[in-house]
Amino acid sequence: MIPMELQASIRAARWRLRAICAIRWASRFLAASAAMAIVWIILARLGLVPDVAVRALIFVGASGIASALAIAFGIPLPAFEIARITDLRGRTGDRLASAVEFLSLGRQDPLVQCQANDAAAQAAILDLRSLYPLALPREGLAAILLTIVAVAALLVPNVPLFWSAQRKQEAAEVRKEGVRIEHVSRDAQRAAERNRLEETRKAAMEARALAEAMKRGNLTKKQALVALQKLTDRLARRQDAVANANAANSQSLRNAADRIARSPAWRQKDAGAANVATLNRGDAQAQRVAQQLLQALRSGDARAQNLALQRMANLVENGALSPGTLARLQRQLAEMGRVLNNTALRELAKQLSDIARLLERTSLDKSTLRRVAAMMRQAGGT
């Protein structure tokens, strides 16, 4: 069995040797990564290769350091090799290596035991810090210098203090264009949210993000033009997709509106009312608003649809509708919700069905009517 003093020395020497290998290999990988980064940045400045992002450079350097650690702590270092290297560095005449080798063979004669005790005594007086110094090698100094050069080459051109007059003028133009795009995109986003146009809202948010980057001066004129072109292409593809979808949805909504108009709930007259002219003012308005809602669905006019629902909500909340008109409205909304459930307006269909179920109550007091009106306004986007 290897004496405890010798085992402790071998463990400490192994750890320090791995640390030395890690520092050396990390320095080499980092120096190589920094050198490649410098070459790439120079080629990018000349327009021969695409610009590289800071994250990419950090990833390359971190990958090199991780590889160095994997090599240093992944290579097996047997006790005999550690003892042999320590003998060479400490000039102990193979005392440690011989003892480890003999003990690993299982020899227990007195001569081997004497050799082991001598090796343990020798190991106890060795200064492992001086034998395995954790100093920065020449590769480390080169890695530090190359990294500083790479960072300077990457960041200095982006510091306004070092810009040329032409670059400053281009930056001012980019910021001015960013402000203009921000105003346009903000208005477009508000209109899209008001009309519940999800695709338009996403496009406006992308435009605002680009405008913010242009205002901060994060983009050169060339980068801004490229980003604007990419955004324009994406918007064009999205508009084509939306147009195709809208064409299909419009046809689907027209068919749904025709089905709703032919249903008994929308064709029949109220009992005791031959036409709109014989109804009271509130009931007559309710029938006209219901027809406006149906026409808005047929034409795919979301704004007119929302306006009709809000007008209907006002009539219901003011108590201007007779029980017969409320009953007919309940049947109409139920039929509209049932038919629209198979179209792109499933959310609206669910809201209309919920309103119709609430109107089925036998007792429609003021609080219930206020709740119905609130649900109509919510369905109308307010």
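Overview of results
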{"quantity": "Cut-off 12 Å, label 7 Å out along Cα→Cβ of ARG262, residues of segment 313-351 by amide N", "calculated": "none"}
{"quantity": "Vicinal HN-Hα couplings computed from phi for segment 336-347 (Karplus, 6.51 cos²θ - 1.76 cosθ + 1.60; Hz; Gly/Pro x)", "calculated": "5, x, 5, 6, 6, 5, 9, 10, 6, 9, 5, 5"}
{"quantity": "Compactness of segment 1-94 as Cα Rg over 2.2 N^0.38 Å, two decimals", "calculated": "1.61"}
{"quantity": "Computed P(r) (all Cα pairs; segment 4-158; 10 Å bins; percent)", "calculated": "11, 29, 21, 16, 12, 8, 3, 0"}
{"quantity": "For segment 263-379, the Rg and Dmax computed from alpha carbons only, in angstrom", "calculated": "13.2, 37"}
{"quantity": "Local electrostatic count at LEU358 - Lys and Arg +1, Asp and Glu -1, tallied over other residues with Cβ under 15 Å", "calculated": "+4"}
{"quantity": "For VAL49, distant residues with modelled amide H under 5 Å away", "calculated": "ALA44"}
{"quantity": "Hz values of 3J(HN,Hα) by residue in segment 58-73 - Karplus curve (6.51, -1.76, 1.60), Gly and Pro given as x", "calculated": "4, 5, 5, x, 5, 5, x, 5, 4, 5, 4, 5, 5, 5, 5, 9"}
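Any read-out appearing in this document is the output of simple, stated calculations on the displayed coordinates, not a laboratory observation. Bear in mind the structure is a predicted one, so any value in this text is a computation, not a measurement. Because the Cβ atoms are built from the backbone with ideal geometry, glycine has one as well, and the counts that use them run over all protein chains shown.
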